[in-house]
1. Near GLY195, within a Cβ-to-Cβ distance under 12 Å, what is the net charge of the other residues, with Lys and Arg +1 and Asp and Glu -1?
2. Pick out the long, greasy-scoring helices in the chain: whole DSSP H runs spanning 30 Å or more along their own axis by Cα, mean Kyte-Doolittle at least -1.0.
3. Shape verdict for the range 187-363, please, from the Cα gyration tensor: rounded (a/c under 1.5), prolate (a/b greater than b/c) or oblate.
4. Quick one: PHE298, PHE377, PHE25, fewest Cβ neighbours within 10 Å first, how do they rank?
5. Using Cα pairs closer than 8 Å and at least 6 residues apart in sequence, work out the relative contact order for the chain, in percent.
6. Taking the dipole about the Cα centre of the chain, with the C-beta of Lys and Arg at +1 and of Asp and Glu at -1, give me whichever of THR152, VAL230, LEU278 is farthest to the positive side.
7. Between ARG326 and residues 5 or more places away or on another chain, which pairs have amide H atoms under 5 Å apart, with H built 1.01 Å from N, and which residues are they?
8. Find out how many positive minus negative residues lie around ILE176, taking Lys and Arg as positive, Asp and Glu as negative, among other residues whose Cβ is under 14 Å from that of ILE176.
Amino acid sequence: MHVLERVRNDGRVLREASALIQEGFAVSIVDIESERSCPVEEDIHGIHVKHIIMPSWFNYSWRFNPWFLVTAACMFFRCVLRLIRTPADIYHVHDAKALPACYIAAWLRRTPLIFDAHELPLAEKTIRWRGLSRVSRYLLAGMVPRCAGVITVSPPIAYEICKRYHYPKVSLIRNIPAYKSVPRNDRLRRHLGLGPETRIALYQGHIQPDRQLDRLVRAAAFLERNMVIVLMGKDIGSTSAELEALASREGVADRLKILPPVPYEELLEWTASADIGLIVYSPDQSLNVKMCLPNKLFEYLMAGLPVIATSLDAVADILRTYNVGRIVPSLKPEDIGAAISEMLADHDAIASMRRNALEAVQHDLNWEKESQQLIRFYQDILGMLSKAQYRHEPLSNSVSMLAIEGEHDEHSLRS
């Protein structure tokens, strides 16, 4: 597998790699690492990772700046070299930024390529240089149809990739955590000094400007008594300070609390101490937002929290299918506040939706079941390769998430 970021921070890549290893595949990941003291190769959670060490100033993004072409060219050639030196039966690339290098490596080694799109490629308007944007779209239009398989994270994105890139079938592998039974607790209330009668609506995730969390601050003014909104996550820039200042100006500091992130292994315990979860993004912000199926949705449900969300296509479909939440009618603060108050006050509805959520994650919405889609996807690819006789020698069940390692690679991992 290949990813143009630190893989230790990417739960999706690590989950997929672990699932393949458990099925007997030998998986290696080629990633980017800016920490120069980091070893060139190491095992992370039992997965062999090969780092491409880049300086701390390196920032590979689609935003054009004077250094963009230099850093992009440097990274491209280093990735291609690293990939072609990694024997593999299948290359598996994560996201569009990493696709060109992996595509070249797979082409040179005459090895099939899987494209794993974590979002709709090039849907965000972050490429400021129009010429670069046109080139990027042209390259993607040529590479995606030639992939042996394509995976993505939500049904609307799968449909859009099929339409844009004329790909016959995009497979769905959602960002669902492994099943975990999480008991109810009062961790948030104890931490914030709140009484047992206080009801909590929780937003968890990055606290950053493009999440438009100021809507939740303003919505706090419309909450009923003994109800609070808690924002918990990593502060990006000065967003938390700006939201706290806004809460003070709006006179809702007692009903809006902001907490730093907690270790991921403890996250669900904190989540389970809230009463409902919030996903209040504007569908008009971008196609990727409108089509998203965020990790936090499944984390809320794993913790037994009903969800209030805006009209995001894939999120709304989950809420309706399993009856585990409600859609807020608009993004007006008064409507958001009223929706939160109404749900928190309806104890019977919350109890019913909590039971539905726990049943859904136990039987359907868990990684143990979702990972079987990935395994079947790989089995189909390997079956296709065998029939088409891509290789003269027998195929091994080995993979590298940049690449699926070849049988004779000295670092191949076997279960």
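1. Combined, the nearby Lys, Arg, Asp and Glu give +2.
2. Details: long enough: 367-388 (31 Å, -0.48).
The answer, listed by residue number, is 367-388.
3. rounded
4. On the way: PHE298 22, PHE377 17, PHE25 26.
By the 10 Å Cβ count, ascending: PHE377, PHE298, PHE25.
5. Working: 798 pairs, mean separation 97.0, N = 415.
Rounded, it is 23 percent for the chain.
6. Projecting each Cα onto the dipole axis, the largest value belongs to THR152.
7. Amide H neighbours of ARG326, under 5 Å, 5+ apart: VAL307, ILE308, ALA309.
8. +1
Bear in mind that the values in this text are calculations on the coordinates, not laboratory data. All values derive from a computational prediction rather than experimental measurement. Methodologically, a virtual Cβ is constructed for each residue, glycine included, from the backbone with ideal geometry; neighbour enumeration extends over all protein chains shown.
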